[in-house]
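Each remark here refers to the structure printed beneath this line.
Please treat every number below as a calculation from the coordinates, not as lab data. Bear in mind that the values here come from a model prediction, so they are computed numbers and not experimental data. Don't worry about glycine lacking a Cβ; one is built from the backbone with ideal geometry, like all the others, and counts go over all protein chains shown.
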Ligand code: MSP
């Protein structure tokens, strides 16, 4: 990459386990990443947005056996659920990585060898508790009174040969790094959590198992399968072209941001940086851990039967309402509760009443008072200047909020424009202005300002609601928001005038 070339903005989601079907938790991370990717593209950045699936391990091998399938058959079947869901949710990823792919196999081997050559991998013995019927290892802490926390039967102490990663050697270096880069882990409260983990001594990490087969073998030692995180985390490098395409890799790595849920923070903010230190590779710029969703006040669980299928939510409320709700309901980083009443409330008040009505009443007025034609701007008019100042404030708030991934704040800032327009129409009463020919220019300016704000709303809201904002632009006779690109996308005064508005369907019909 030459110095003048801007680095590609590289954003990732976790790779999802395929021993289970996708639910709203998985949808949440992926939608959030999609919003960031679309926002960065709007700003004119080149973006590489990666998602995918984590397909190896004992659990998958066991699930496959229970279903009478091979592991490969099982993962090929479940991965389709994810691919289909991302289509339904309008996820605009650029690549979909599967850890069972050949390219990943090569990357994990190259990474393992690099770290081993550097002296940070050794062969030792792993000792822990093991449940024979469940074929699962447990730590002392996880046991339930000496028994397996899954089946309740007694666990046995076992000792197994294993490769280890010398993680302890990197503890001080990581602490120093985090102290110098206090925006590496976001939100801030999570950085303290990570520093908390690091107050205890880091133990070397067992990174191989010889008790199952479904995974990537250790290079030159087929008895061992590389274990979970030393396989999964490498996906972020594989997709960036490691080790086969160094040029591509230089354009993409380090990743700009890994979006994850709070439960996998330790792996991304402790394990991953130490792996990268050992391999001599730069760390990602940021790791952002979001909160967890409960459903109607309870933890989602298969046994309770309250796991929410995102496709069913889309069916009931529409994809953009779902995307909007997830990002508006709770600050990104905090926990939230998903309920039908809450999503319905937001659809009816914010989307149908505030935004949808604003569009339909505006289009109706342009049709009635101006034969559908959008009037020209008067850049000297008071309204024009007032709106352009407000928009500039909103633009700055949006930029700040998006830099912090504070989606709820971004939406609140954008809603200042929605509320302003609704108030403005009530105050200016275009229906009265229309009765007085001497006030025609005034009416033009009122309509212009509201129309231009609506056009800007279609751009601001595009990353969150790509379908509805495209419909908005169409009704306003404006170019698709997806086509907008560059630092000036949020500038006031770019409405195409002299074109016709087109009355369309109601954007968000009210839900009963
Ligand atoms: N395979 C690992 C990640 C490896 S990344 C190198 C994994 N997969 S997972 O499928 O179990 O979870 C993926 C993500 O879903 C995690 O970020 C997790 O936080 C998120 N969620 C799972 N349940 C969730 C909720 N109830 N609410 C919000 N997010 C949740 O972990």
The chain, relative contact order in percent, only Cα pairs under 8 angstrom and at least six apart counted
16 percent
Let me check the size of the stretch 9-129 from its C-alpha atoms; what are the radius of gyration and Dmax in Å?
17.3, 53
How many nm separate the modelled label positions at residue 7 and residue 118, each set 7 Å beyond the Cα in the direction of the Cβ?
1.7 nm
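Considering all projection directions equally, how large on average is the shadow of the alpha-carbon convex hull of the stretch 87-244, in square nanometres? Could you put the intermediate results ahead of the total?
On the way: hull surface 51.2 nm².
Over every viewing direction, the Cα hull of the stretch 87-244 projects on average to 12.8 nm².
Between residue 437 and residue 349, what FRET efficiency comes out of the Förster formula 1/(1 + (r/R0)^6) with R0 = 45 Å and r the beta carbon distance, rounded to 0.05? Please report the intermediate quantities before stating the final value.
Working: r = 38 Å, r/R0 = 0.84.
Efficiency at R0 = 45 Å is approximately 0.75.
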Would you mind classifying the stretch 263-393 by shape? Square roots of the alpha carbon gyration tensor eigenvalues, ordered a ≥ b ≥ c; an a/c under 1.5 is rounded, otherwise it is prolate if a/b is larger than b/c and oblate if not.
oblate
Using a 7 Å offset from the Cα along the Cα-to-Cβ direction at both residue 171 and residue 247, what is the distance between the two label points in nm, to one decimal?
4.5 nm
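Over the chain, what is the percentage of antiparallel beta bridges among all DSSP beta bridges, to the nearest 5?
Numbers: 23 of 46 bridges.
Restricted to the chain, the bridges split so that about 50 percent are antiparallel.
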Taking a ≥ b ≥ c as the square roots of the Cα gyration tensor eigenvalues, with a/c under 1.5 meaning rounded and otherwise prolate when a/b beats b/c or oblate if not, the stretch 465-512 comes out oblate
Relative to the longest principal axis of the C-alpha atoms of the chain, give the angle of the C-alpha long axis of helix 171-180, reported between 0 and 90° and rounded to the nearest 10°.
20 degrees
Taking the Cα atoms only, what angle lies between the long axis of helix 407-428 and the longest principal axis of the chain, rounded to 10 degrees?
10 degrees
Angle in degrees between helix 440-460 and the longest Cα principal axis of the chain, rounded to the nearest 10:
10 degrees
Simple spin-label model, 7 Å along Cα-to-Cβ: residue 379 to residue 127 in nm?
7.9 nm
Per-residue ellipticity at 222 nm for the chain, helices alone: DSSP H runs ≥ 4 residues times -39500 (n - 2.57), over residue total, nearest 500 deg cm²/dmol?
-13500 deg cm²/dmol
When a/c reaches 1.5 or more, the comparison of a/b and b/c decides; with that in mind, is the chain rounded, prolate or oblate per its Cα gyration tensor?
prolate
